[in-house]
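Values quoted throughout were computed directly from the atomic coordinates according to the rules given, and no laboratory measurement underlies them. These numbers come from a predicted model, not from an experiment. Positions of Cβ are generated from backbone atoms using ideal geometry, with glycine treated the same way; all protein chains shown enter the neighbour counts.
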Amino acid sequence: MRDNRCRPTGKVKQKKVRSTATAWALKIMPITFCLSLASSWFSQAVTTFTDLTASVMLLLFMMLVSVVFDGIGVSVTSCDKVAVKKLLQYDAKRAKIALGLIANAEKVNSVCADVIGDICGVLSGACGAVLAADLVSQTNTGGTWLPTLTSAVVAAATVGGKALMKGIAVKNADKYVVQTAKALSVIYKPKDKKKKGLRK
């Protein structure tokens, strides 16, 4: 007869995974709401109180952020952990950051691709529509087709940029993660578990 004593353990693991996923979803929803609200307010303020050049720069910046962070989300799920360790074998600080990203690949992908990427994508589309409306009011032409055309161009450029970046991120996932870790090391310092364990 088969020993079924291991079956409850599998069920417990599944419950833990589900509860962790649910907790993460409940945590990321209000964060996304707050970030989207703040970003929307900022973009509206910039497009309202600044000139056309600054508004265009903001639009391009949000498109770039959306594309770059989407690449980060893809790279952490596609990279080779051993290869990343090898690339950062002489840089302990950045190696910890990179391995932390890989260990939390699902959450990193969710934040980068879903939260930051989608927020910037939506805001860039809205910003493009606002710019088109400003152009219409200044030139008194293109009132029916210019906003639609501008939104379509922004959406197409963003999607095309993401598709191109995903291809690059998959082919160079290890290097992409390393570069991300190097960028994060400027503003983030990983905790030293050994020192923390020595404290009383």
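Summary of values
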item: Count of the range 165-188 residues which are part of a helix (DSSP H, G or I) and without any contact (Cβ under 8 Å) to a residue 12 or more places away in the chain; result: 4
item: Helices (runs of 4 or more DSSP H) fully within the range 82-144 counting 3 or more residues that are crowded, with 21+ Cβ neighbours inside 10 Å; result: 92-103, 118-139
item: Some residue of the range 138-151 being touching a Ser or Thr at 6+ places or on another chain (Cβ under 8 Å), at negative phi and of a type in the set (A, V, I, L, M, F, W, C); result: no
